[in-house]
Amino acid sequence: MEFVIKISQFLLSLSLLIVLHELGHFIPAKLFKTKVEKFYLFFDVKFSLFKKKIGETVYGIGWLPLGGYVKIAGMIDESMDKEQMALPPKPWEFRSKPAWQRLIIMLGGVTVNFILAYVIYVGISFVYGDKDYTLDGFKDGYWIDAPIMNELGFRTGDKVLKVNGESVTTHSEVTRSLITAQSFTIDRDGIEKKIDLPEDFLGQLSTRKAKSSLFKKRFPFIVAEVEDTLQNRNVDLIKGDVLLSINGEQLKYYDQIDEGLSQFKNQNVNATFLRGDKEITREIKISDDGKMGIYPLISEDRFEELGYMDITRRDYTFFESFGGGLNKFKEEVIGYFDQLGAIFNPKTGAYKGLGGFKAIYDVFPEFWSWEAFWKLTAFLSIMLAILNLLPIPALDGGHVMFLLYEMISGRKPSEKFLERAQIIGFFILIALVLFANGNDIFKAITN
């Protein structure tokens with residue numbers, strides 16, 4: 001079921017982005033009376049899952065989910081239709097249109113992607129508002145268990161004070177800074193300490209097994225349900241009871257449980273819980289693998305009530321959400337350019353973390369969450385727009401580059417040159433796709 005939920009979110013998001021991106025090319029092409037021969041979701045190599053001709057355009061769904069396309073008559077694109085290009089230009093062909101119209105057609109896809117991302121962020125601001133965590137609210141610092149962080153000198157309980165010498169006050173500031181962070185200043189037991197990150201930190205991180213946040217929020221162990229086994233069948237605990245200690249040893253945080261219970265394997269222990277405003281003690285049998293047989297409750301609202309974190313919330317009115325959405329949009333665009341800058345800098349090693357379709361699939365949660373779905377879709381829309389603007393022939397940015405040259409110089413590149421550039425661009429894209437998806441395979445095997 002988890003696979004079905006993840007793949008459904010992945011395909012729905014991908015389909016939405018592809019259709020709207022191609023619609024961004026389709027609409028201005030139609031407005032400028034340019035013939036659009038095909039409009040496809042996914043690629044129809046050899047055959048289509050569905051196709052129907054309406055007017056002059058064939059609409060269809062291909063079987064290969066690697067993208068989509070619109071085939072515009074008289075345009076040198078991935079179809080490499082040399083026969084059509086060998087004929088004299090027709091008035092309804094792309095090549096017959098003024099350069100400014102062709103530029104608008106080519107920029108239509110990325111424009112729609114940027115607009116879509118902004119509209120989604122406006123909707124997220126209005127429906128969900130903003131939520132963040134103050135660093136002061138993490139009274140005992142972060143839970144840090146990633147091996148790479150421990151090797152660099154971080155420890156559970158560290159409080160983050162500064163990143164790159166600049167003070168930070170919220171959890172989101174810490175997590176967003178990881179792409180550009182060179183150093184962290186922390187407070188450990190009242191003593192300030194500076195930890196420098198290696199230049200290739202992102203490269204090291206991408207090749208290591210890190211399946212969760214590097215800076216985890218610490219929270220208590222709250223009872224959700226007692227496992228119905230002979231081990232704890234008669235344990236009188238209810239949902240919401242908060243574990244305080246085992247045999248008098250304080251266990252304030254969930255991250256202390258494994259180590260705290262490991263010394264009591266196959267033993268009965270006296271566990272103290274907080275129920276309401278009273279403390280209760282229950283005898284619990286610890287299994288041979290150091291487990292209590294109790295499922296934990298994950299509820300940030302409850303954690304906040306107990307004083308384990310300080311959550312800041314902001315709701316937006318309908319009109320305020322336009323400004324809130326704009327702020328989110330700008331943050332994500334700037335953040336993605338930071339990521340690209342790191343990827344194109346070989347010293348950071350960030351290129352090792354470049355992922356393909358599996359990496360995108362993996363970011364979707366195993367449960368259905370509309371909030372997570374729309375946040376990821378908005379980010380992927382920004383990613384699709386920026387990547388398509390790269391000046392690589394075969395991408396929209398490549399076509400835009402040649403059109404700008406034509407508009408500035410007054411000279412149109414020859415069709416033979418454009419054909420060759422398209423072929424080179426196609427091979428560059430294939431190499432990038434193979435590299436990114438090869439990284440996915442490599443990480444799946446090694447991790």
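The values are calculated or read from the model by the stated rules, or taken from the named source; none is laboratory data. Computed from a predicted structure; not experimentally measured. Note that each Cβ is placed from the backbone with ideal geometry, even for glycine, and that neighbours are counted across all protein chains shown. For the accessible areas, the whole protein counts, side chains as well, though only heavy atoms, and no ligand, DNA or RNA atoms are used. Shrake-Rupley method; radii C 1.70, N 1.55, O 1.52, S 1.80 Å.
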- Item | When residues of the range 91-112 are limited to those that are part of a loop (DSSP other than H, G, I, E, B) and of a type outside the set (D, E, K, R), the one farthest from LYS35 (Cα to Cα) | PRO98
- Query: If a residue has to be over 15 Å from SER177 (Cβ atoms), part of a helix (DSSP H, G or I) and touching a helix residue (DSSP H, G or I) at 6+ places or on another chain (Cβ under 6 Å) to count, how many in the range 337-350 make the cut?
  - Reply: 1
- Every listed condition ((1) touching a residue at least 40 places away in the same chain (Cβ under 8 Å); (2) in contact with a helix residue (DSSP H, G or I) (Cβ under 8 Å, 6 or more places away or on another chain); (3) not charged (D, E, K, R)) holds for GLY293 save (2)
- Task: Only residues in the range 366-384 that are farther than 17 Å from VAL110 by Cα count as the first member; pair them with residues that are charged (D, E, K, R), Cβ under 7 angstrom, at least 6 apart or cross-chain, and list the lot.
- Result: GLU366/GLU2; GLU366/LYS6
- Item | Only listed residue being in contact (Cβ under 8 Å) with a residue 60 or more places away in the chain and either among the β-branched types (Val, Ile, Thr) or more than 27 Å from THR377 (Cα to Cα) (or both), chosen from ARG95, ARG155 | ARG95
- Query: Do the conditions hold for TYR40, that is, is it at pLDDT below 90, under 30 Å from SER369 (Cα atoms) and of a type outside the set (Asp, Glu)?
  - Reply: no
- ALA394 fails exactly one of the following numbered conditions: (1) at pLDDT below 90; (2) at negative phi. What is the number of that condition? (2)
- Message: Can you tell me which condition THR281 does not meet? The list is (1) touching a residue at least 12 places away in the same chain (Cβ under 8 Å); (2) not in a helix (DSSP H, G or I), and all the others hold.
- Response: (1)
- Message: Please go through the range 17-28 and give me each residue that is open to solvent by less than 50 Å² (accessible area, probe 1.4 Å) and either basic (Lys, Arg) or closer than 14 Å to PRO65 by Cα (or both), ordered by number.
- Response: LEU17, ILE18
- Task: Would you kindly identify the strands (runs of 3 or more DSSP E) lying entirely within the range 127-237 that contain at least 2 residues that are modelled with pLDDT of 90 or more and crowded, with 17+ Cβ neighbours inside 10 Å?
- Result: 159-163, 183-188
- Message: Of everything in the range 370-379, what is open to solvent by 20 Å² or more (accessible area, probe 1.4 Å) and closer than 28 Å to PHE427 by Cα? Give them in sequence order.
- Response: PHE379
- Mind listing whichever residues of the range 270-311 are β-branched (Val, Ile, Thr), under 38 Å from the mean Cα position of the chain (by Cα) and surrounded by fewer than 14 Cβ atoms within 10 Å (Cβ to Cβ)? ILE298
- Query: Just one of the numbered conditions (1) open to solvent by 50 Å² or more (accessible area, probe 1.4 Å); (2) polar (S, T, N, Q); (3) without any contact (Cβ under 8 Å) to a residue 12 or more places away in the chain is not true of GLN339; which one?
  - Reply: (3)
- Given (1) in contact with a Leu (Cβ under 6 Å, 6 or more places away or on another chain); (2) loosely packed, with under 15 Cβ neighbours inside 10 Å; (3) not aliphatic (A, V, I, L, M), index of the condition THR348 fails: (2)
- Task: From the list ASP362, ASP338, pick out the single residue that is over 18 Å from VAL119 (Cβ atoms), within 19 Å of the chain's Cα centre (by Cα) and modelled with pLDDT of 90 or more.
- Result: ASP338
- Query: Within the range 27-64, can you find the residues that are part of a strand (DSSP E or B) and polar (S, T, N, Q)?
  - Reply: SER48, THR57
- Verdict on PHE3 being open to solvent by 30 Å² or more (accessible area, probe 1.4 Å), among the aromatic types (Phe, Trp, Tyr), more than 25 Å from ALA73 (Cβ to Cβ) and modelled with pLDDT under 95: yes
- Extreme residue, least open to solvent (accessible area, probe 1.4 Å), among residues of the range 238-269 that are assigned to a helix (DSSP H, G or I) and in contact with a Gly (Cβ under 6 Å, 6 or more places away or on another chain): LEU261
- Would you be able to tell me the number of residues in the range 124-141 that are basic (Lys, Arg) and more than 25 Å from the chain's Cα centre (by Cα)? 1
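Per-residue answers, yes or no, for (1) open to solvent by less than 40 Å² (accessible area, probe 1.4 Å); (2) in contact (Cβ under 8 Å) with a residue 12 or more places away in the chain; (3) in contact with a Ser or Thr (Cβ under 7 Å, 6 or more places away or on another chain); (4) within 17 Å of LEU395 (Cα to Cα):
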position	(1), (2), (3), (4)
LEU11	no, yes, no, no
SER15	yes, yes, no, no
LYS30	no, no, no, no
PHE42	yes, yes, no, yes
LYS53	no, no, no, no
GLY67	yes, yes, no, yes
